Protein chains: 2
Amino acid sequence: MTTTPIRTLPASLDTATALVGPALHEAVRRHLGLELELVVDYHHGWVEADGSPATGWGGKLLRPALALLSARAAGGAVADGVPAAVAVEFVHNFSLLHDDIMDGDTARRGRATAWTLFGVPRAILAGDALLTAAVSHLLGARGTGARSATTSLMAATQRMISGQASDVDFERRADVTLAECLRMAGDKTGALLSCASSLGADLLGANPALVRRLAAFGEHVGLAFQLVDDLLGIWGDPARTGKQVGADLRVRKKSLPVVAALNAPGADELAALYARPEPFDDEDVRHVADLVELAGGRDWARDEARRRVATAEACLDGVADDVRADFLEVTAFITGRRF
Amino acid sequence: MTTTPIRTLPASLDTATALVGPALHEAVRRHLGLELELVVDYHHGWVEADGSPATGWGGKLLRPALALLSARAAGGAVADGVPAAVAVEFVHNFSLLHDDIMDGDTARRGRATAWTLFGVPRAILAGDALLTAAVSHLLGARGTGARSATTSLMAATQRMISGQASDVDFERRADVTLAECLRMAGDKTGALLSCASSLGADLLGANPALVRRLAAFGEHVGLAFQLVDDLLGIWGDPARTGKQVGADLRVRKKSLPVVAALNAPGADELAALYARPEPFDDEDVRHVADLVELAGGRDWARDEARRRVATAEACLDGVADDVRADFLEVTAFITGRRF
């Protein structure tokens, strides 16, 4: 980790907030029943649990920003990508609502998770409602590619669900290979970012070769994002991550650097420690982090993230210069600032 | 309740089992990741929890049977309706997987529910995967109406989710009106049966007026089905329902006959008993059932179910005689045999 200063928000994210924010509100009103509006509005960060306006800040709308850029990459106007942006953000929030229940997470973006306030049933239903609304919204959009885009969104969603299922399974297994772990990360994180990065173009009926290149770009960015996230889960600065030092190690998470280390020669001590049932104290966490680093897990993850970003950039060859620059700025925001 | 003998299975249900059963298997293999296949196969009743072939019996495939009939109503072949039948059954099973978690139900169709065997995370994910697969499958089907049918399926799914959310809310409320309760039942049960009864026709690009009539048929059948189910939940024969006498009363369920009674004049004693926190013993259950009957809840529900069936039948005017007869046979199977 170098000490690159936190960059200001890319202009593309401001555009997404300005254009997609109101569209998300409107789409919730249009597609969802009144029963779940409060849960969904709360989860999006628009209201507090009692329905009063929220003072805080919703998500960063990274995926919507990518969807809007992909519409521009296909020669469309930014606004043409809005239905794709809304749909992909709905799918993202569907997954967050359900993942928080499965993982037992009680906080997200500095607030209590929906299931802790509204109960598991309503949080499950709110996720279901958002997934359903994503399909209705995208399929009802103008654009010759609405059917193709919806098909692509569902394929990505299915991969994301498989990835989360693998993640759940991996918790119980001691023999996870690096290839399995990379596949899981690709499914869980890469698939939706890949879809987001191409969905606007898909909706506009763009050349399939362009759609594929944009999808490949997002897939690599997604992997890089996961690698960086995993690095931060071990060596991140608590002041910046908002998590404990070595948060992922404490819960014995089989993150990419750890699995890389476990599968490297001479990782016996690390494997034994990870298999031990007793909780780690601060000293253990430091020691385990050192073992992961010594086995090459940290270097590998850092190098792999850089390789992925470089490959992602190469996928943008032929995209108009201004759009390419904006894609790269968002990529740097997602991954670069945190190396 | 008269003692009408249980009828044999309508031929339409045999057709559905023969045609749709294999298609469901194939669609699970095609759309879902390997990670969740066991959970989904178990839930469908195809395998035991250890993956060995199941000896029992899956669902009745009522909704698929209706979807196939709707394809015939539009002049198509039975086989033309199969993608619609698969999609609607997937949505039905998505809802069962999630509802069992929300309701804390430990048994369904005489077997342990999926979440009790595989855990809540995998059961949530299996439901999510089925909903996603339903969309992929229907949208990828041949038939000029694939986009229209998928839109219709999502609208029905959204209503079903709203209905379940209302049901969750009603548990905490003492002031549920009959109108609210009917709306909830329409959303929770009517919407998907309405969609099933028209989805095959929709997929084939049938005349919108026919699609609407078939949808209205299914909506009324759905309401009748819910009313009959609610009657059985109070006065059903345990030997035939597989539940305790007065099962719904024991859990203070705000079913339609109860809400009708609670909103009738002079229901003070019933209201007081229903609001009492102590569990009901057998004597209480008998007394509460009598109070519901005395307030007219039983007669109202029985009459309303009959009215709904009659209205449903009228919606089939103009449908070819053989198809109409099959629709009515399925209707009788769903509702009639249990009056």
- Task: Please work out which one of (1) assigned to a loop (DSSP other than H, G, I, E, B); (2) free of Cβ contacts under 8 Å to residues at least 40 places away in the same chain; (3) within 23 Å of residue A:182 (Cβ to Cβ) is the condition residue A:254 fails and give its number.
- Result: (2)
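Of all the residues that make up segment B:99-117, how many are facing chain A (nearest Cβ under 10 Å) and free of Cβ contacts under 8 Å to residues at least 60 places away in the same chain?
First, pick out the residues of segment B:99-117 that are facing chain A (nearest Cβ under 10 Å): B:99, B:101-104.
Adding the requirement that they be free of Cβ contacts under 8 Å to residues at least 60 places away in the same chain leaves B:101, B:103-104.
Adding up the residues that qualify gives 3.
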- Scanning for something open to solvent by 30 Å² or more (accessible area, probe 1.4 Å), over 16 Å from residue B:109 (Cβ atoms) and out of contact with any helix residue (DSSP H, G or I) (no Cβ under 6 Å at 6 or more places or on another chain), does segment B:61-72 turn up at least one residue? no
- Note on the structure: residue B:326 passes all but one of the listed conditions (1) in contact (Cβ under 8 Å) with a residue 24 or more places away in the chain; (2) surrounded by 16 or more Cβ atoms within 10 Å (Cβ to Cβ); (3) closer than 21 Å to residue B:168 by Cα; the exception is number (3)
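The rows are residues; the columns are (1) surrounded by fewer than 24 Cβ atoms within 10 Å (Cβ to Cβ); (2) more than 10 Å from chain A (Cβ to nearest Cβ).
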| position | (1), (2) |
| --- | --- |
| B:126 | no, no |
| B:145 | yes, yes |
| B:154 | no, no |
| B:158 | yes, no |
| B:165 | no, no |
| B:179 | yes, yes |
| B:186 | yes, yes |
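When you look at residue B:233, is it under 23 Å from residue B:189 (Cβ atoms), open to solvent by less than 70 Å² (accessible area, probe 1.4 Å), outside any loop (DSSP other than H, G, I, E, B) and without any contact (Cβ under 8 Å) to a residue 24 or more places away in the chain, yes or no? Talk me through it step by step, then tell me what you get.
Details: under 23 Å from residue B:189 (Cβ atoms): yes; open to solvent by less than 70 Å² (accessible area, probe 1.4 Å): yes; outside any loop (DSSP other than H, G, I, E, B): yes; without any contact (Cβ under 8 Å) to a residue 24 or more places away in the chain: yes.
Taking the combined requirement at face value, the residue satisfies it.
Name the helices (runs of 4 or more DSSP H) wholly within segment A:108-220 that hold at least 1 residues that are under 18 Å from the mean Cα position of the chain (by Cα), farther than 23 Å from residue B:87 by Cα and among the hydroxyl-bearing types (Ser, Thr, Tyr)? Spell out how you get there, then give the answer.
Values: elements: A:114-118, A:120-139, A:146-170, A:178-185, A:191-203.
So the answer is A:146-170, A:191-203.
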- Message: Among the listed residues B:120, B:88, identify the single one that is more than 11 Å from every other protein chain (Cβ to nearest Cβ), at negative phi and at pLDDT 95 or above.
- Response: B:88
- When you go through (1) within 12 Å of chain B (Cβ to nearest Cβ); (2) open to solvent by 10 Å² or more (accessible area, probe 1.4 Å) one by one for residue A:131, which number turns out not to apply? (2)
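The values are calculated or read from the model by the stated rules, or taken from the named source; none is laboratory data. Everything quoted here is computed from the prediction, not taken from an experiment. Virtual Cβ from ideal backbone geometry, glycine too; neighbours counted across all protein chains shown. Calculation scope for accessible area: heavy atoms of the full protein, side chains included, ligands and nucleic acids excluded. Shrake-Rupley method; radii C 1.70, N 1.55, O 1.52, S 1.80 Å.
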